[in-house]
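The values are calculated or read from the model by the stated rules, or taken from the named source; none is laboratory data. All of these numbers come straight from a predicted model, not from anything done at the bench. Here the Cβ positions follow ideal geometry from the backbone for every residue, glycine too, while neighbour counts run over all protein chains shown. Remember, those area values only see protein heavy atoms, side chains included, never the ligands or the DNA or RNA. Shrake-Rupley method; radii C 1.70, N 1.55, O 1.52, S 1.80 Å.
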Amino acid sequence: MAHILSVRNLHVQFTLRGRKLHALRGIDLDVEDGESLAIVGESGSGKSVLNKNFIGLLDQNGSVTDGEIRYYGMGDKLRHYPGAGVDENGSYIDLAQFKKNEDWLRIRGSEICMIPQDPMTSLNPLKTIGWQIAEALMLHRGMKGKMAYEETIRILEDVRIDNPKRRYKQYPHELSGGMRQRVVIAIAMACNPRILICDEPTTALDVTIQAQVLHLLRELKEKYNLTIIFITHDLGVVANVADRVAVMYAGDIIEIGLVNEIFYDPRHPYTWALLSSLPQLGHRGEELYAIQGTPPNLFKEVRGDAFAARNPNALVIDSLQQPPYFDITPTHRAKTWLLDERAPKMEAPKQIGKIRSLGHPSAPADAGKEAEHADA
Amino acid sequence: MQTRETILSVKGLQVAFGHGRNRFYAVKNASFDIFKGETFGIVGESGSGKTTIGRAIIRVYPATAGSILFHGEEITGRLPKSRRRDLTNQIQMIFQDPMASLNERAKIDYIVSEGLLGRGIPREEVRERVDQALRDVGLLPEFASRFPHEFSGGQRQRIGIARALVMNPEFIIADEPISALDVSIRAQVLNLMSHLQREHGLTYLFISHDLSVMRFICDRIAVIHKGDIVEMADTESLFAHPLHPYTRALLSAIPQPNPEMEKHKRLEIYDPSCHHYEIDVPGWNEVENGHWLRANKQELEKALEMLQRS
């Protein structure tokens, strides 16, 4: 598959009260056209900062200090721009060199679009939802009047909102949380983007609604060949929607691989810890695995493996030298010294082995479905 | 099971808001018993009335009908002041969002001790109890002189728990205590809660929309939908034989961290119009030992049949 976005050695720093916070520490990431990539990490790991770089919404006190973000989706259209160039993947534009808001207007919305976390606060309460979707059509696709109205109705149907003609005239407060999230998705879809960034799209929603919204996003991805980047802290949600998973810790991607590789064969101790702490893997009456300590302070320079301080089985070298990426398969790589040939053999925690059997028909959790089958 | 001591008993609870045409029944008819030392879960989507039940128990919302008995004594309606004070000691609450539920302008010392003030407790004893509560939740007593903004989300939730614990309660209502927390911190708080339960012999009412967490922590679960409890059972039998279509929809929506299974997942969507309650009115039936179901006669037969087969 072709790359659509390629991040090379990206460093982002924030200036806070005269001190420098090193939020992203050399990110390398390729996003392929038409895939869905999940970026997983704790709060403060830099997953949102990374994605804000793609649409130029970095806070005022933050800046890219090094690295490139190559976007291939525009073809030759912007070849006069300072950041434009050609490499083996085709013509690209370097988003890290964008300075002015006018530059970003060519990317934001029409090329890369973001769905914010909370649908309750991201809609304008004074405008009908139809108007808010039509506004995106007018601004980004130059539609007017009847044409914009009809397209809005079509998009509302697309995101599975029933009775779109009536909904067009309704205000956000008349809709439930799940419906509002669909409207927000509709606004994003109205811009006809190539890449859709979903920042925790379902954390504010109920479990049932969450499953429906994820299903909708998957449908839209198939229909429009969208590239979707999910940002989330919950690995439990990721299994459903992602083709690939990148695990972030302390401003760096410490492990990346296909979804099956991350869930069935994780290699980094932090990925182990994240997976083991899922309540789905716990047993009632037993302790749930919990990661001790707190993430490192990014005001200071991180030496060695950033997770070493919280890892009870850290090696000596973990606190001295930062591990490079070790390839496990062509699609799966991790930054941990455990993969070095000189490292001692370390087994993944036993909970990881249980993942394969989770939700399996023989497990009690799914007996209900079985009964349903028999019923039908 | 019937021999266990009942600590809280809710009978035909109804909570309504508004008047006349605007009258809205948040909880229509809820009945359940909570036994001493167990963790009882209420699960439902937003707007189902699960939080309202919790608030009715701590007397924030008045019950419009039905009764709530704590150790066999009525705790709804008008009560003498001394009785209300005792209840505050015995029933405490942990809130959802630790970022919003702590007073930003007060020090931890005051936040935790507030419930003890004005009760004629000597200052040294208050001090001691605050220190003890902080130590119980894994914080240092030195933290008492700091402000909430100096703490991380997980630590703040610990402070929220310490605030409940300092009253030496028997019964704690935890309203979505971990929904606002990161996954890695969730595990810490869940472990702390079960540790405190063993140590202090606490009984929990755990309110959440997340069945995967419920399965881990609860002994029994009640499923609530639009103000009606539709099913109640031991955690394992609820997961093994979910009978009500709404319970099945909830179970099918739990995200599993298993990509292979998730790809072939079939979502069930609950449609309330599948019930025909106009003539055949639903009742609250015990289908097997400790497993209750809201169903009419026709549905009950079907459910019993389904149980026998499995």
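The table below lists the values:
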| read-out | value |
| --- | --- |
| Identity of the residue in segment A:16-50, polar (S, T, N, Q) and either assigned to a loop (DSSP other than H, G, I, E, B) or in contact with a Leu (Cβ under 9 Å, 6 or more places away or on another chain) (or both), that ends up most open to solvent (accessible area, probe 1.4 Å) | A:Ser43 |
| Looking only at segment A:282-341, and only at residues there that are more than 26 Å from B:Arg186 (Cβ to Cβ) and in a strand (DSSP E or B), the one that is farthest from the other protein chains (Cβ to nearest Cβ) | A:Phe326 |
| Residue, nearest to B:Glu114 (Cα to Cα), within segment B:145-159, restricted to residues that are surrounded by fewer than 20 Cβ atoms within 10 Å (Cβ to Cβ) and hydrophobic (A, V, I, L, M, F, W, C) | B:Phe147 |
| Candidate set from segment B:7-45 (those that are assigned to a loop (DSSP other than H, G, I, E, B) and in contact with an Asp or Glu (Cβ under 9 Å, 6 or more places away or on another chain)); member that is most open to solvent (accessible area, probe 1.4 Å) | B:Lys36 |
| Residue list for segment B:126-144, filter: among the β-branched types (Val, Ile, Thr) and either within 20 Å of A:Thr294 (Cα to Cα) or surrounded by fewer than 21 Cβ atoms within 10 Å (Cβ to Cβ) (or both) | B:Val126, B:Val137 |
| Subset of segment A:220-258 [of a type outside the set (Val, Ile, Thr), touching a helix residue (DSSP H, G or I) at 6+ places or on another chain (Cβ under 7 Å) and more than 9 Å from chain B (Cβ to nearest Cβ)] | A:Leu220, A:Leu226, A:Phe230, A:Asp243, A:Arg244, A:Met248, A:Tyr249, A:Glu255 |
| Residue in segment B:45-52 that is at pLDDT 90 or above and either in contact with a helix residue (DSSP H, G or I) (Cβ under 8 Å, 6 or more places away or on another chain) or in the same structural domain as B:Leu251 (by TED's automatic domain parsing) (or both) present | no |
| Subset of segment A:259-276 that is open to solvent by 10 Å² or more (accessible area, probe 1.4 Å) and in a loop (DSSP other than H, G, I, E, B) - its residue that is nearest to the other protein chains (Cβ to nearest Cβ) | A:Asp265 |
| Listing of helices (runs of 4 or more DSSP H) fully contained in segment A:130-211 that carry 1 or more residues being of a type in the set (S, T, N, Q), within 20 Å of the chain's Cα centre (by Cα) and within 30 Å of B:Pro257 (Cα to Cα) | A:177-190 |
| Complete set of residues in segment B:231-244 that are assigned to a strand (DSSP E or B) and buried (at least 24 other Cβ atoms within 10 Å of the Cβ) | B:Glu231, B:Met232, B:Ala233 |
| Subset of segment B:179-227 [open to solvent by less than 10 Å² (accessible area, probe 1.4 Å) and within 12 Å of the chain's Cα centre (by Cα)] | B:Thr203, B:Tyr204, B:Leu205, B:Phe206, B:Ile207, B:Ser208, B:Met214, B:Cys218, B:Ile221, B:Ala222, B:Val223, B:Ile224 |
